[in-house]
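Working notes for the structure below.
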Amino acid sequence: MLNNYNGLAQPLWQNGPTPGQFYHFTGGQQPIQNLPRELTPAGPYGTQRNTARITTGSSVLGIRFDGGVMIAADTMVSYGSLSRYQSIDRVFKINEKILLGGGDDFADIQSIKRTIDQKMIADQCSADDIEMKPKELAMWLTRVLYNRRTRMNPLFIDVVVGGVNEEGQPLLANVDLRGRFYEDYVVATGFARHLAIPLVRERKPANREFTAEEATTLIRKCMEVLYYRDTRNTSKYTVGVSTASGTVVEGPYKVDENWKFASTIKGY
């Protein structure tokens with residue numbers, strides 16, 4: 001029923017939370033103070049919203065093995081087709097249980113990384129001895145990214161989240177800019193979805209997980225293929241490893257280049 005409430009309809013739930021307090025739909029009449037806080041502060045000329053990717057990172061590859069997960073990404077960030085930055089780490093250690101690999105727009109990756117760091121600090125200030133686990137971070141990212149997407153201000157990122165929980169069970173998942181989530185023994189972003197995932201799947205043992213040695217060999221092979229075939233990849237890459245004993249990001253490593261096969265390519 002509609003009443004005269006400053007010319008507007010009465011709130012949907014009189015005695016409960018108003019939907020506008022959680023979701024801001026286009027054309028809504030909610031007060032400005034109820035809008036979700038921006039993940040990054042407004043600049044001197046107001047809030048600036050991305051409408052396209054500017055500097056981008058390419059493929060991120062994650063492989064789950066019997067003792068944890070490995071996430072690898074090359075160190076190049078491109079400005080269009082220009083190899084603008086060639087020594088940028090895109091695999092981050094979040095805590096002793098979580099790794100994050102970031103693909104797509106690097107400014108947005110930096111933004112979400114700062115927000116995650118702020119959340120980690122807030123959790124530490126609670127002093128409740130509860131540490132975020134991999135799936136909790138992945139689920140939190142789905143809500144943050146879906147919220148930004150529904151407000152027509154998405155973060156142009158495609159991330160791989162991996163780690164080991166307190167029971168020693170590894171998790172490897174992908175979350176994209178729309179907040180979509182899936183987990184598997186191999187996940188990837190960018191061209192690695194087309195070039196690296198088939199290589200990993202055809203080498204998957206039938207009745208068991210990869211060993212750490214097998215996962216390391218596959219990471220090395222996949223990064224080599226990506227360097228040859230993806231024009232937005234460089235020969236240097238970093239690898240994050242998360243196991244029950246801790247999390248570490250190692251590298252940069254370098255692809256073992258071999259261009260002898262180039263003489264066999266015809267038609268160019």
- Query: What is the number of the single condition among (1) in contact with a Pro (Cβ under 7 Å, 6 or more places away or on another chain); (2) buried (at least 24 other Cβ atoms within 10 Å of the Cβ) that Leu171 does not meet?
  - Reply: (2)
- Which pairs do you get when a residue that is farther than 12 Å from Ser59 by Cα, found in region 81-107, comes within reach of a residue that is in a strand (DSSP E or B) and open to solvent by 80 Å² or more (accessible area, probe 1.4 Å), reach meaning Cβ atoms under 7 angstrom, with the pair 6+ apart or on two chains? Leu99/Lys93
- For Ile98, which of the numbered conditions (1) touching a helix residue (DSSP H, G or I) at 6+ places or on another chain (Cβ under 7 Å); (2) farther than 23 Å from Ala244 by Cα fails to hold? (2)
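Please work out which residue is farthest from Val69 (Cα to Cα), limiting yourself to region 159-168 and to residues that are surrounded by fewer than 23 Cβ atoms within 10 Å (Cβ to Cβ) and touching a residue at least 24 places away in the same chain (Cβ under 8 Å).
We begin by selecting, within region 159-168, every residue surrounded by fewer than 23 Cβ atoms within 10 Å (Cβ to Cβ); these are 165-168.
Right, trim to touching a residue at least 24 places away in the same chain (Cβ under 8 Å) and you get 165-166, 168.
Working: Asn165: 11, Glu166: 14, Gly168: 11 Å.
Step by step, filter region 159-168, then rank; the result is Glu166.
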- For region 210-221, indicate whether the set of residues that are surrounded by 20 or more Cβ atoms within 10 Å (Cβ to Cβ), touching a Phe, Trp or Tyr at 6+ places or on another chain (Cβ under 8 Å) and either more than 21 Å from Asn258 (Cβ to Cβ) or among the charged types (D, E, K, R) (or both) is non-empty. yes
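In this structure, is Lys236 touching a Lys or Arg at 6+ places or on another chain (Cβ under 6 Å), of a type in the set (Lys, Arg) and open to solvent by 60 Å² or more (accessible area, probe 1.4 Å)? Working first, answer last.
Values: touching a Lys or Arg at 6+ places or on another chain (Cβ under 6 Å): yes; of a type in the set (Lys, Arg): yes; open to solvent by 60 Å² or more (accessible area, probe 1.4 Å): yes.
Judged against the criteria, Lys236 is a match.
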- Residue that is surrounded by the most Cβ atoms within 10 Å (Cβ to Cβ) [pool: residues in region 49-66 that are farther than 13 Å from Gly190 by Cα and out of contact with any helix residue (DSSP H, G or I) (no Cβ under 6 Å at 6 or more places or on another chain)]: Arg64
- Subset tally (residues that are under 15 Å from the mean Cα position of the chain (by Cα) and either more than 16 Å from Asp158 (Cα to Cα) or open to solvent by 10 Å² or more (accessible area, probe 1.4 Å) (or both)) for region 77-94: 4
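The values are calculated or read from the model by the stated rules, or taken from the named source; none is laboratory data. If you're wondering where the values come from, they're calculated on a predicted model, not measured in any experiment. Every residue, glycine among them, receives a Cβ derived from its backbone with ideal geometry; neighbour counts consider all protein chains shown. What goes into the accessible areas is simple: the full protein's heavy atoms, side chains included, and nothing from ligands, DNA or RNA. Shrake-Rupley method; radii C 1.70, N 1.55, O 1.52, S 1.80 Å.
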